[in-house]
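Notes follow the structure.
The values are calculated or read from the model by the stated rules, or taken from the named source; none is laboratory data. In this text, all values refer to a predicted model and were calculated from it rather than measured experimentally. A quick note on method: Cβ atoms are made from the backbone with ideal geometry, for glycine too, and the neighbour counts reach across all protein chains shown.
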Amino acid sequence: MTNTLQPWQVLLLAMAGWINRHQQAAIDYLREENRILLEQLGHRRIRFTDEQRRRLAVAGKAVGRKALLDLAGIVTPDTILAWHRKLVAAKWDQREKRRGPGRPGVMEEIEKLVVRFAGENPSWGYRRIEGALANLGHHVARTTVASILKRNGIDPAPERGRRTSWSTFLGAHWSTIAAIDFTTVEVWCRHGLVTVYVLFAIELRSRRVHFAGLTPSPDEAWIRQVGRNLTDPIDGFFRKKRFCLMDRDTKFTAAFRALLEDAGTEPVLLPARSPNLNAWIERFMRSIKSECLDRMIFFGEESLRRAVREYLAHYHVERNHQGLDNAIIEPKGIGRGSGRVRCRERLGGMLRYYHRPAA
């Protein structure tokens, strides 16, 4: 098991700030404000200074072209990204001109350190970065630090400190975050096909998955009982979990969220239409559907329940996971000898696991 965040886990294109309902409203407001300002300007061309181009280029590169199509209003996404390419080219051109024979100059190393310190520590101001450089034997002035940050399009500490990236938030709370979501399965019953709602929860750090229950009628009483089971102080899956990521599905009622809060688990409601923010449980849903649920026909809820439990047993003790360096979540009885290779089958051979029996 590894604690290192994988690149695919950096979500929402490094959007600044912990996105919640209030910040989403602020973004919508700023979009509308930009539209009004453009209407006021009419067809007059806006002149940008080099500093303004630099700031837009750095911010636009982090957002990405696809998202810029929705956000950018003053200039086109292609223009912003072109500015970024010119910024990078100019930066390297200047370095090549400064560089003489032998090792790169000390200032190049200092600039890399300043950019790194500012990126990894959003609350560090000029003085704090200056002190960290002094610890490494580099004595530079506060104004030098400020110039390097400005040249690289990095805001000063008060601005950076207000924006915590999603990856930083996850890294700080990795072991205490869970996620929850529904999927649906069509089941043959006495009166025909019935849609059954299946609820899963996942622990982000370990990838352990909990089968919270299934029902054709996920009403208030059912979801409240699920909440009580999840928050049980002795063996509840959410025990010691500080945050629970969930979408805005109305089945996650106010009473359910209140149960979580009372137990010390804060519900984190994700923005609408943002499945990537709940990528871990979405990835599990894709796995269980493609490897099991979509390949079976279920007659009655009990057959579905049996299949889910068999798949979870395979998922935890037999299946390798790329997000865990291709390891097994709970390896049990894995033989390391040179004996005969055995195959363990589940669900009639749909799920297979190859192993050598332990001596």
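The table for this structure:
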quantity	calculated
Criterion (under 30 Å from Arg356 (Cβ atoms) and surrounded by 12 or more Cβ atoms within 10 Å (Cβ to Cβ)) met by exactly one of Ala255, Ala279, Ala263, Ala307	Ala307
Identity of the residue in the stretch 285-303, of a type in the set (A, V, I, L, M, F, W, C) and out of contact with any helix residue (DSSP H, G or I) (no Cβ under 8 Å at 6 or more places or on another chain), that ends up farthest from Leu193 (Cα to Cα)	Met285
For His316: the one exception among (1) at pLDDT 90 or above; (2) out of contact with any strand residue (DSSP E or B) (no Cβ under 9 Å at 6 or more places or on another chain); (3) not polar (S, T, N, Q)	(2)
Of all residues in the stretch 259-318 being among the charged types (D, E, K, R) and in contact with a Lys or Arg (Cβ under 8 Å, 6 or more places away or on another chain), the one that is farthest from Glu186 (Cα to Cα)	Glu266
All strands (runs of 3 or more DSSP E) inside the stretch 254-359 with 3 or more residues being farther than 28 Å from Val226 by Cα and more than 26 Å from the chain's Cα centre (by Cα)	342-346, 351-355
Pairs where the first residue, in the stretch 326-349, is on the phi > 0 side of the Ramachandran plot and the second is modelled with pLDDT of 85 or more, C-beta under 7 Å, 6+ apart	Asn326/Asn320; Leu347/Cys292; Leu347/Ala307; Leu347/Glu310
Number of the condition not met by Ala179 [criteria: (1) at pLDDT below 85; (2) buried (at least 16 other Cβ atoms within 10 Å of the Cβ); (3) of a type in the set (Gly, Ala, Ser)]	(1)
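Yes/no per residue for (1) outside the structural domain of Thr184 (by TED's automatic domain parsing); (2) at pLDDT below 95; (3) in contact with a strand residue (DSSP E or B) (Cβ under 9 Å, 6 or more places away or on another chain); (4) not acidic (Asp, Glu):
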residue: Glu266; (1), (2), (3), (4): no, yes, yes, no
residue: Leu270; (1), (2), (3), (4): no, yes, yes, yes
residue: Arg273; (1), (2), (3), (4): no, yes, no, yes
residue: Ile288; (1), (2), (3), (4): no, no, yes, yes
residue: Leu304; (1), (2), (3), (4): no, no, yes, yes
residue: His321; (1), (2), (3), (4): no, yes, yes, yes
residue: Arg344; (1), (2), (3), (4): yes, yes, yes, yes
residue: Leu347; (1), (2), (3), (4): yes, yes, no, yes
residue: Leu351; (1), (2), (3), (4): yes, yes, yes, yes
